[in-house]
Structure formats: structure tokens, C-alpha cells
Amino acid sequence: MRFFVTLITLMLSFNLVWGQNPDFDENFTSGNGYTPAPLPYDLSGNWSVLSNSPNSISRSCCAFLEIEGVPYLYQFGGGNSTNDLKRVARLNLSNGTWQNNYSTMPFQISSGTAISINGGTQILVFGGNSANSLGKTLLYNVIINTWQTRADMLTKITDALVVKHSETNIIIIGGGDGYFGANALKTNKVQIYNTASNTYSYSNDFPIENAMLGGGLYRDTIITAGGYTTGGISVASCYKGVINPVNMSITWTQISNYPAGPITRMASYVAVKGTGVGVMFTGGAVGGSLPTAATHFWNFCTQSWQPGLPDNTQARSNYKACGKGYDMVFTAGGYTTNTNSNRIESLTFSHIEGPCMNMVGVNGNNNSIPEIFALEQNYPNPFNPQTTIGFSLPKGTQVKIVVSDVSGKQVREPVNSYYAAGNHSVSFNAAELASGIYFYTISTGEFTQTRKMLLIK
């Protein structure tokens, strides 16, 4: 009994109460009169319905952000029964109230994808179905609530899979011309958007022409599932892409087919289930047309599909997922059998550190000797107060890792010792440091690399 109470206490302290808001209102009521579940998460591991969106829309994208300690769920664009939208709405998760039309996007955006960068202070939105938004890149400044139009994609598409490899490199996989049916065009192009230079480049082509596919990235490995090919054919095929972080080339191999068969337009998110990290896929259109509520999980550790995730609360397709770290995922809107949805829901995952979570590589061969030096992005990120830093060594060498603040002052030295060739990880505890952006740098006799991390208390 004592163990159970302790476990619940730790889960609430570190995973479920946003990490920095112990006074979370457990009985909030939404502005439209809907009273959600007592908490915006479910300890039993089921989907929880939150405060319904003011609008019933599909093909929107979302982002979870914390601003001055307040958790928000943003909903960008989407389409109702007649129009694509410029609308941005946000849900205050601490009191359940919506701010509809909180901001206006430069273009009508549906079927786009939102990616958070720079510690959640900025949002990138890629693509859109309208003529003006196809192939567009938009940058949203969360702090001052303003939009900028950035560089156009080299191949102008929408309905792509977009994943963040680092704060600098965003990967856009496949996509289409915004049309449906047999005459719709899809692409196998993989584009890399460099946030620092505001430029696009190509990586290795995806194995098939594909749009509306789902997927996620963990460390240097991408998992994709389903999608539409040219000719309007839905597929069950899934692929693994291993990234070379030096030149951003990607090696693609096919993996086991999606458990539900041919599917498209599902929501997907990387999360931790028990001791395994993987990609959660939920909803979607089975066979290209029939909405489903089923949820599936690809485990990076076992390299297989893992059963046991609950169905979501409503059969839907045409929607995206976003989340808080590896612990919590949100879905917003979507399309049911014959109408757009206003459903907002969340699912909390059990985040238990295990052997698999300490892997640096997820290519199924963690004991292999790396071919190159590499410094991995810390995980989780943002973090409070502990995070893990991974690095790879092609040969044994003295390794030094230092942590510096934004002024360049060194504040910690978590590593200064000899390591053998292989993949390694170290734990870094920032309990005595203030919230903010920090930089960690690895140095060997012949290799130096720096990455950014965000501490939020």
C-alpha cells in the first residue's frame, strides 16, 4: 500500500501536473458550459475528453505550450463545412476556458502541421490546402502573438509528415498537392528546413509517393505508417528512416505493416509506455474512408507493434496530435463519419525509466560501434529537473561535457572522463539551477558539438 501511494505521488509530481503548477484547478468548467473530467488526464490510462472546441473543424493542427507557468493548447487553422480557416484558438488548461479567434494566420491553413521550437516560444506551421498556403512556411511568435512568412518549400505540398530532428533541422516527408481522389498528385520528396538559415534542402527520397501519413521521430530514427499514394490508394506499409545527423541523409527500410491495414489521416505522437518509447498512432481512415477510434503503438525498443493502448473517445480522421514531453498527448477536432468534430481529448502515458530508455541509438543494434561522433538532443526537453544526454563515440577517447548559461558562463561539468567506443548516456540534474535556456557542449580530442536545452520549473 505504501508503495502504491508513493508511486501515485511521484506520477502526479513529475509527469502529470505540468511539472510547474501544483495548484492546478481540478474542477474547472469551460467557457461554453461543458464540464470536462475532473482532471485533464486519466490515471487509469484511458482517453479523457477535455473542454470541447468552440468550433467543429477538421484538418487543424495543434501545439501544447506553457506560458509563464500556464498550460495552453493551441489549435491552428483547419476547415469547417464550407471554408478553410485562418483562425487560431487556444484553450487555457488551468481553467478550461477558450479564447476563440485569439490570432489570425496570414493564410487559410488546413492540413498543415505545427512544430514547436526555441523552447516553445515559437511555432512553425507547414503547408496548407488553399492555393495561397500550399508549400508555405509560417512562423508564429507565441510571446508577442505575431506571424511571419518564411521560405517556401522546394516542393510545394501539404498533408506531409513533419518531424523535428533538432532546433535547427525540421524534416518534411512526402505530401501532396492538396487534392483528393485518383487525380491527386503525391510526392516522395524529403525536405529539410533549416530554421537558422531559413532555407530548404533535399534529403534521400522516401520509398513511395505518399501523403497524409503518420509518424514520429526519436533520436535519429523516424517511423512512418500508412498514407495515400498517387492514384488515391491508401496503404498499410510502414518505414523506418535512420538519420545521419552530420549531413541529414536518411536511410529508409520497410518494417511491419500497420496492424489495422491500409490507413490514412491518423494522428501520431512519440510517447513512453512503460519502459518503451515509441510512436502512438490513433484514429485515421481505414481503407481511406472509414473513421476509426483504434490506437496503436510502435515500440522502438522491441522494433514491433505493441498492443494494449485504449481506443480514443470518438472515431475520427483528418486530425493531428500534439503533446507535453513524452507523457501526455492531445488531439483536436477531426472528421467523423459524416461531420466535423469539436472533440478535444488527452491521453496520459506511464513514463517509467528502463533499460530501453537509456539507449542512444534505436536502430535495433545498440551494441554496434558508431561510425561517427555525435551529441544527441537531451531527453526529455524541456525538463525539470533531470534530463539525459546521449553521445556516440567511434573510438575510445577522453570526453568532456560542460553546461553553460545564455551568457556563456559554465555552470556545470557533468562529464570529464575516458569512455570506450560506443553509445553512451549520462544523467544531468539541474535542481540547483534557475529556469531558462542552457547549452551543453561535448569536447573530445577531435570533435566538438553544442546543443540547446530548456529547464522549466
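The values are calculated or read from the model by the stated rules, or taken from the named source; none is laboratory data. What you see is a predicted model; the values in this text were computed from it and never measured. Ideal geometry is used to build each Cβ from the backbone, glycine not excepted, and the neighbour counts take in all protein chains shown.
Provide a single number: the residues in the range 48-82 that are over 20 Å from N145 (Cα atoms) and outside any loop (DSSP other than H, G, I, E, B).
Qualifying residue count for the region: 4.
Going through the range 305-336 one residue at a time, which ones are under 20 Å from the mean Cα position of the chain (by Cα) and either outside the structural domain of A114 (by TED's automatic domain parsing) or of a type in the set (G, A, S) (or both)?
S317, A321, G323, G325, A332, G333, G334
S392: modelled with pLDDT under 90, over 20 Å from the mean Cα position of the chain (by Cα), more than 24 Å from G119 (Cα to Cα) and part of a strand (DSSP E or B), yes or no?
yes
Look at the range 129-181 and say how many of its residues are surrounded by fewer than 20 Cβ atoms within 10 Å (Cβ to Cβ), within 30 Å of A374 (Cα to Cα) and aliphatic (A, V, I, L, M).
Number satisfying all stated conditions: 3.
Restricting attention to the range 311-363, and to residues there that are among the acidic types (D, E) and assigned to a loop (DSSP other than H, G, I, E, B), which single residue is modelled with the lowest pLDDT?
It comes out as E353.
Take the residues in the range 182-203 that are part of a loop (DSSP other than H, G, I, E, B) and surrounded by 16 or more Cβ atoms within 10 Å (Cβ to Cβ), then tell me which one is modelled with the lowest pLDDT.
Looking at residues that are part of a loop (DSSP other than H, G, I, E, B) and surrounded by 16 or more Cβ atoms within 10 Å (Cβ to Cβ), I get A184.
Got a sec? Which of G283, G276, G261, G308 is touching a strand residue (DSSP E or B) at 6+ places or on another chain (Cβ under 9 Å), modelled with pLDDT under 90 and on the phi > 0 side of the Ramachandran plot?
After ruling out the rest, the residue left standing is G308.
Just checking, which of N100, N129, N92 is under 22 Å from G333 (Cα atoms) and at pLDDT below 90?
N129
Can you tell me which residue in the range 395-407 is farthest from N429 (Cα to Cα), limited to those that are assigned to a strand (DSSP E or B) and not small (G, A, S)?
T397
How many residues are surrounded by fewer than 18 Cβ atoms within 10 Å (Cβ to Cβ) and in a loop (DSSP other than H, G, I, E, B) if we restrict to the range 97-126?
Summing the residues that are surrounded by fewer than 18 Cβ atoms within 10 Å (Cβ to Cβ) and in a loop (DSSP other than H, G, I, E, B) in the range 97-126 gives 2.
So, restricting to strands (runs of 3 or more DSSP E) that lie completely within the range 204-300, which ones have at least 3 residues that are buried (at least 19 other Cβ atoms within 10 Å of the Cβ)?
Correct list: 214-218, 221-225, 238-244, 267-273, 276-282, 295-299.
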